[in-house]
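Below: the structure, in structure tokens.
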Amino acid sequence: MAMILTIAFTQGFQYAIANKMYGFSGHIRVQRFEPDKVDIAEEQPITANDSVLNIIHQDPDVQSVQAYATKYAILKGPESFEGLLLKGVGSAYPFNNMKDFLKAGNWIQFTDSGYSKEINISTYTANQLKLQVGDKLFTYFIQADGSKRVRPMRVAGIYKTGIEDYDRINAIVDIRLIQRLNNWTAQEIGGYEIFIDDYSKADSVSNRIYDQLPHRWNSRSVSEIYGNIFDWLNLQNTTIAIVIIIMILVAILNLVTCLIILLLERTHMIGLLKSLGSRDKTIQQIFLYHGAIITFGGILFGDILGLLICWLQKKYGFITLPEESYFISKAVVRINWMQVCWVDAGTFLICFMVLLLPSFLIIRKLNPVKAIAFN
């Protein structure tokens with residue numbers, strides 16, 4: 001039960017955080033090659049390229065590709081200011097990947113001409129600026145030449161990813177606003193965000209795309225861009241391994257103790273069987289059979305109880321977490337049935353092998369005369 005719960009909750013935690021990261025940033029980003037650029041800086045423009053799009057779409061794991069661009073701005077609310085990185089997206093952007101983040105209002109609506117004057121901000125930004133859905137605000141942009149541009153905007157919706165690095169600095173706007181402010185053409189973008197079917201393949205897909213890209217283009221997975229968060233998530237695998245080892249050791253000690261008690265309680269029976277001509281191996285098989293039944297029964301009961309707790313957590317979410325520390329408000333369960341089978345089989349095999357030694361040593365050294373007198 002402990003091993004199943006450890007794996008289910010740890011993998012659920014990893015899956016939930018990774019999905020939040022990928023839902024907001026895509027799985028892979030393809031953009032201009034800028035080796036000295038920090039991850040949260042604005043991108044240099046690069047012209048949308050049909051050959052690059054063909055390379056990306058030809059990969060069988062790619063689900064969708066969207067252009068994006070970013071620009072720093074200062075948002076002014078009724079009482080205060082807040083500096084943010086505005087992420088510009090197009091009308092075809094897959095907001096369905098972010099549906100769980102939206103807390104109020106709706107995602108920005110795009111117009112046929114010009115650019116949308118709506119903005120999506122995080123709950124953190126809304127609280128800092130004292131804004132609600134439908135409120136108006138002024139957005140200040142500092143241009144490269146030092147001049148200032150002001151754009152009035154309306155809060156279309158408020159979202160919350162639970163990831164502080166995102167919620168504190170990001171907002172979503174129409175990409176055409178970024179293009180106009182930067183004096184870009186309609187074909188100039190910051191890069192492409194790529195969504196794939198299986199997030200575990202992000203690094204391999206990114207490498208395949210990178211090998212085919214033309215000069216001055218670069219491809220990086222989001223796990224590479226935000227390496228600190230994903231390194232932290234990968235450390236959870238070490239936790240799984242440590243807990244499983246500890247639980248197996250506990251199971252071994254309990255079973256060995258149980259078997260020794262069985263042997264001591266049946267000392268008279270062992271002596272009687274030996275006096276009647278039974279071989280040590282035959283007697284040992286009897287106790288191993290009972291040990292195997294106890295082991296199997298414990299594993300089966302642990303499976304039922306562990307999976308029941310997982311189901312209850314998935315349905316009712318009674319185990320909660322401080323979101324500011326763990327990025328999620330309740331523990332997430334993710335059951336991998338293959339891993340459950342491996343845990344069961346591995347535990348049974350290891351425990352059964354360990355049972356061989358005490359049963360062999362005690363039965364072999366037992367004197368039939370003393371064992372019968374032991375009664």
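Compared with the dominant principal axis of the Cα atoms in the chain, helix 280-316 is inclined by about 30°.
Leaving out ligands, DNA and RNA, and with a 1.4 Å probe, what % of the accessible surface on the chain is carbon or sulfur?
Details: 11440 of 19700 Å².
Carbon plus sulfur share of accessible area: 58 percent.
For region 78-143, rounded, prolate or oblate, judged on the Cα gyration tensor with a ≥ b ≥ c (square roots of eigenvalues), a/c < 1.5 rounded, else prolate if a/b > b/c?
Details: a/c = 1.81, a/b = 1.24, b/c = 1.45.
Oblate, since a/c reaches 1.5 and b/c is not below a/b.
Near the amide H of Glu42, within less than 5 Å, lie no amide hydrogens of residues on another chain or at least 5 residues away, with H placed in the peptide plane.
Converting phi to 3J(HN,Hα) with the Karplus coefficients 6.51, -1.76 and 1.60 and the offset θ = phi - 60°, region 260-266 yields 4, 4, 4, 5, 5, 5, 10 Hz in sequence order, with x at every glycine or proline. Label-to-label distance, Gln109 versus Leu356, with points set 7 angstrom from Cα along the beta-carbon direction: 7.3 nm. Projecting the Cα positions of Leu85, Ala345, Leu272 onto the charge dipole of the chain (unit charges on Cβ atoms of Lys, Arg, Asp and Glu, taken about the Cα centre) puts Leu272 furthest along the positive direction.
With an a/c value of 1.5 or above and a/b not larger than b/c for the gyration tensor axes a ≥ b ≥ c computed over the alpha-carbon atoms, region 133-223 is described as oblate. Solvent exposure of region 113-215, expressed per residue, is 46 Å² of accessible area, with all protein chains present and a 1.4 angstrom probe. Farthest towards the positive end of the charge dipole of region 1-82, among the residues Val65, Ala48, Val30, is the Cα of Val65, using unit charges on the Cβ of Lys, Arg, Asp and Glu. Scanning residues 5 or more positions from His27 or on other chains, those with amide H under 5 Å from its amide H are Ile194, Phe195, Ile196, with H placed 1.01 Å from N in the peptide plane.
Placing dummy labels 7 Å off each Cα toward the beta-carbon, the span from Ile142 to Leu102 is 3.4 nm.
For region 105-171, with only Lys/Arg (+1) and Asp/Glu (-1) charged at the beta-carbon, what is the dipole magnitude about the Cα centre, in debye rounded to 20?
On the way: 9 positive and 7 negative charges, 56 e Å.
Computed charge dipole of region 105-171: roughly 280 debye.
Counting only alpha carbon atoms, the long axis of helix 337-365 and the longest principal axis of the chain meet at about 20°.
About the centre of its Cα atoms, the chain shows a dipole size close to 1060 debye [charges on the beta carbon of Lys, Arg (+1) and Asp, Glu (-1) only; nearest 20 debye]. Only one residue of Tyr192, Tyr124, Asn207 has its Cα farthest out toward the positive end of the dipole of the chain, where Lys and Arg carry +1 and Asp and Glu -1 on Cβ, and that residue is Tyr124.
The H on the amide N of Lys330, modeled in the peptide plane, is under 5 Å from the matching H of Leu321, each at least 5 residues off or on a different chain.
Cα gyration tensor of region 7-117, axes a ≥ b ≥ c as square roots of the eigenvalues: rounded (a/c below 1.5), prolate (a/b > b/c) or oblate? The shape class here is rounded. Potential lengthening of the chain between Glu164 and Ala186 amounts to 4.7 nm, from the contour at 0.36 nm per residue minus the alpha-carbon distance. Accessible surface area normalised per residue over region 1-85 is 42 Å², counting heavy atoms of protein chains with a 1.4 Å rolling probe. For the Cα atoms of the chain, what angle does the longest principal axis make with the long axis of helix 2-25, in degrees from 0 to 90, nearest 10? The two axes meet at around 10 degrees. A Cβ-based charge dipole, computed about the Cα centre of region 81-193 with Lys and Arg at +1 and Asp and Glu at -1, lands at about 360 debye. Considering only Phe327, Phe360, Phe348, give the residue with the highest GNM mean-square fluctuation for the chain, with springs between Cα atoms whenever their separation is below 10 Å. Looking only at Phe327, Phe360, Phe348, the largest GNM fluctuation is found for Phe360.
The values are calculated or read from the model by the stated rules, or taken from the named source; none is laboratory data. In this text, all values refer to a predicted model and were calculated from it rather than measured experimentally. Don't worry about glycine lacking a Cβ; one is built from the backbone with ideal geometry, like all the others, and counts go over all protein chains shown. These accessible areas exclude ligands, DNA and RNA; they are computed on the full protein's heavy atoms, side chains included. Shrake-Rupley method; radii C 1.70, N 1.55, O 1.52, S 1.80 Å.
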